[in-house]
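Everything below concerns the one structure shown next.
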Amino acid sequence: MSTNPDFSIGRSKTDSRTNINRNTGLLSAGVLTRRNIRPTTIYPIYTSQFIPNSFLTFAKNQAVYMSLAQELQSRSGNKCELCTSEIALVIYEVPPMSNANSDNSILVCKTCLDQIEKTEQLNADHWEILIETMWSEFSPVQVVAWRMLSRLRSEGWAADSLDILYLEDETLEWAKKTGDHEQDGTVEFHQDCNGTRLYEGDTVVLVKTLDIKGSTLSAKLGTVVKNIRLVQDNVEQIEGKVDGQTIVILTKYLRKG
């Protein structure tokens, strides 16, 4: 493995020492390197973006992560434990647990992960495979399957599956801790006045002149606001800087730049 803390990603070739495609950043199955290990609850096996801050953090945790990845890959046959996909697999630590291990973690694909984490809308067709995979003998798989079926319970097949899925009392208690059984499957996102989804760091343009509370200034029609932040608990609001001052702006008064 290279001792250079910053891998070059500009060349379109695969490094035989790390099995990283330097153009896409994808890793071959089972390979964990400094590029794709981070101290959070999700430990990617495939990634193209994240480089940890400290090489010492990587060195300290590499053996633990590799051992967990290998155990989950062996357990799952190197497939998503929810939908059986073999593409873009990551280790997902099932909340609210900490200290990832095989008893509280599962191997999932990015499509499943995005919908589990509510960063994408639920696609009911994608989850019909739970009719089969919910029977996993492993508790963390059962927990996530139960949560996703609960979010999809308006679908007949999901409601029927919930009725026949048996969980031990301790496992069911764990599954209920996130409250997914009390929510529907709809996920709300920040959207501009045209219904276009907004993301952290986007540039937006005001479609109305707005008075700034607590100031004599106003944000004029056509003002460009760069590098916005999404207000996490309110999908109708974003934060951005106007004339050096951070303000909250209603999404209905802006469009994506």
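Quick note: the coordinates plus some simple rules give every number you see, no bench work behind them. It should be emphasised that the depicted structure is a prediction, and the values quoted were computed from it without experimental measurement. When we count neighbours, we look across all protein chains shown, and the Cβ atoms used for this are built from the backbone with ideal geometry, even at glycine.
Using the Kirkwood radius over C-alpha pairs as Rh, can you work out the diffusion coefficient of segment 80-121 via Stokes-Einstein at 25 °C, viscosity 0.890 mPa s, in µm² per second?
The estimated diffusion coefficient comes to 233 µm²/s.
What are the residues whose amide H is under 5 Å from the amide H of Leu198, where those residues sit 5 or more places off or on another chain and H is modelled from the backbone?
So Leu198 has HN proximity to His190, Gln191, Asp192.
Quick check on the exposure proxy: order Lys213, Lys256, Lys241 from fewest to most C-beta atoms within 10 angstrom.
With the fewest neighbours first, Lys213, Lys256, Lys241 line up as Lys213, Lys241, Lys256.
Would you mind checking the pairs Lys176/Lys252; Lys118/Lys241; Lys176/Lys241 and listing those with alpha carbons more than 32 angstrom apart?
From Lys176/Lys252; Lys118/Lys241; Lys176/Lys241, over 32 Å: Lys176/Lys252; Lys176/Lys241.
Quick one: order Val90, Val64 by neighbouring beta-carbon count within 10 Å, fewest to most.
Exposure proxy ranking, most exposed first: Val64, Val90.
List every residue whose amide H lies under 5 Å from the amide H of Val242, counting only residues 5 or more places away in sequence or on a different chain, with H placed 1.01 Å from N in the peptide plane.
Counting only residues 5 or more places away or on other chains, the set is Ile247.
Quick one: what are the phi-derived ³J(HN,Hα) couplings along segment 240-257, Karplus 6.51/-1.76/1.60 with θ = phi - 60°, whole Hz, x for glycine and proline?
Per-residue couplings from phi come out as x, 9, 10, 6, x, 10, 7, 10, 9, 10, 6, 5, 6, 9, 8, 10, 5, x Hz.
What's the extension gain from Val231 to Tyr199 if we count 0.36 nm per residue and subtract their Cα-Cα distance?
10.4 nm
Ordered by residue, what ³J(HN,Hα) values in Hz, to whole numbers, does segment 158-175 give under the Karplus form 6.51 cos²θ - 1.76 cosθ + 1.60, where θ = phi - 60° and Gly and Pro are x?
With coefficients 6.51, -1.76 and 1.60, one gets 6, 4, 5, 5, 4, 5, 9, 7, 9, 10, 4, 3, 5, 5, 5, 4, 4, 4 Hz.
Once phi is turned into ³J(HN,Hα) by the Karplus curve 6.51 cos²θ - 1.76 cosθ + 1.60 with θ = phi - 60°, what whole-Hz value does each residue of segment 78-94 show in order, with x for glycine and proline?
Karplus-based 3J(HN,Hα) across segment 78-94 equals 6, 10, 4, 6, 9, 10, 6, 5, 10, 9, 6, 8, 9, 8, 10, 7, 6 Hz.
What's the percent breakdown of Cα-Cα distances in segment 107-227 across 10 Å bins, shortest bin first?
That works out to 11, 34, 21, 14, 13, 7, 0, in percent per bin.
Report the calculated FRET efficiency for Gln183 and Lys220 (r = Cβ-Cβ distance, R0 = 41 Å), to the nearest 0.05. Can you show the working numbers first?
Values: r = 40 Å, r/R0 = 0.97.
Once the sixth-power term is evaluated, E becomes 0.55.
Amide H to amide H under 5 Å from Gln237: which residues, 5+ apart in sequence or cross-chain, H placed 1.01 Å off N in plane?
Val231, Thr251
Could you put Tyr199, Tyr65, Tyr253, Tyr166 in order, starting from the residue whose Cβ has the fewest other Cβ atoms within 10 Å? Intermediate results must be reported in sequence, preceding the final value.
Numbers: Tyr199 11, Tyr65 20, Tyr253 16, Tyr166 8.
Fewest-to-most Cβ neighbours within 10 Å comes out as Tyr166, Tyr199, Tyr253, Tyr65.
Once you have the Kirkwood Rh of segment 204-256 from its Cα pairs, apply Stokes-Einstein at 37 °C and 0.692 mPa s and quote D in µm²/s.
Roughly 298 µm²/s, to the nearest whole number.
In nanometres, what is the gap between the two model label sites at Thr246 and Ser67, each 7 Å from Cα along Cα-to-Cβ?
Spacing of the two 7 Å Cα→Cβ label points: 4.1 nm.
I'd like the distance separating the alpha-carbon centroids of segment 146-162 and segment 64-104, in whole Å.
23
Across segment 61-157, what fraction of all alpha-carbon pairs, as a whole percent, falls in each successive 10 Å bin from zero upward?
16, 53, 26, 4, 0
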